[in-house]
Amino acid sequence: MSDLLAIAYPWTKAIHIMAVISWMAALFYLPRLLVHHTERVGLTGETHDLFTMMEFKLANVIMRPAMIATWIFGLSLVFTPGIVDWSMIWPWTKAGAVIAMTGFHEWLYARVKGFADGQNTLTGKQYRMMNEVPTVLMIIIVLSVVVKF
């Protein structure tokens, strides 16, 4: 099995990077949609229905599959012999940030479901602040992997 992972390593890494880019794009865009939905649209009407459909498709057609692919190919990289030195700090900081990113993903998903049910308790300003979460986590992840501190 480890031979197969080593042979597939360049392909696994390439697919992992593509999945991460797709996941991050959705994590950056969805909170912006929620800001506009909150501030400009409200919870009823045709525009609400349009935003609800856009948020649902972004969350289910792009964001969730990209997250799943990120995890599958990321774990494949982790199990490839010689790639991760668990005695260093960087794999732990990256793992913590990826787990936090997944938690943020699930939080956003719950917000999408709430809007679909006609419920929202947050303000546009709160969604704007939450939009910074994936940026901070991305910085931690990239620095962890590239600088390997």
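The values are calculated or read from the model by the stated rules, or taken from the named source; none is laboratory data. For clarity, every value in this text was computed on a predicted model and none was experimentally measured. Cβ atoms come from the backbone with ideal geometry, glycine included; neighbour counts cover every protein chain shown.
Couple of notes before you dig in:
- Ile140 fulfils the conditions (1) surrounded by 15 or more Cβ atoms within 10 Å (Cβ to Cβ); (2) outside any helix (DSSP H, G or I); (3) of a type in the set (A, V, I, L, M) except for a single criterion, (2).
- Of the listed requirements (1) touching a residue at least 12 places away in the same chain (Cβ under 8 Å); (2) under 17 Å from Glu106 (Cα atoms); (3) of a type outside the set (A, V, I, L, M), Phe51 misses just one: (2).
- Being in contact with a Pro (Cβ under 7 Å, 6 or more places away or on another chain) and more than 24 Å from Met138 (Cβ to Cβ) is a condition met by at least one residue of segment 6-23.
- Count of residues meeting criterion [more than 23 Å from Met53 (Cβ to Cβ) and under 10 Å from the mean Cα position of the chain (by Cα)] in segment 100-132: 4
- Residue within segment 58-70 that is modelled with pLDDT of 95 or more, out of contact with any Lys or Arg (no Cβ under 7 Å at 6 or more places or on another chain) and under 19 Å from Val146 (Cα atoms) present: yes
- Annotation note: Cβ proximity below 7 Å between a residue of segment 117-146 that is in contact (Cβ under 8 Å) with a residue 60 or more places away in the chain and over 24 Å from Gly74 (Cβ atoms) and a residue that is of a type outside the set (Val, Ile, Thr) and assigned to a helix (DSSP H, G or I) (sequence gap 6+ or interchain) occurs for Asn120/Gly114; Gly124/Glu39; Tyr127/Pro31; Tyr127/Leu34.
- Any hit, segment 55-64, residues being in contact with a helix residue (DSSP H, G or I) (Cβ under 7 Å, 6 or more places away or on another chain), under 24 Å from Met1 (Cβ atoms) and not aliphatic (A, V, I, L, M): no
- Flag if Thr93 is without any contact (Cβ under 8 Å) to a residue 60 or more places away in the chain, closer than 23 Å to Val20 by Cα and of a type in the set (S, T, N, Q): yes
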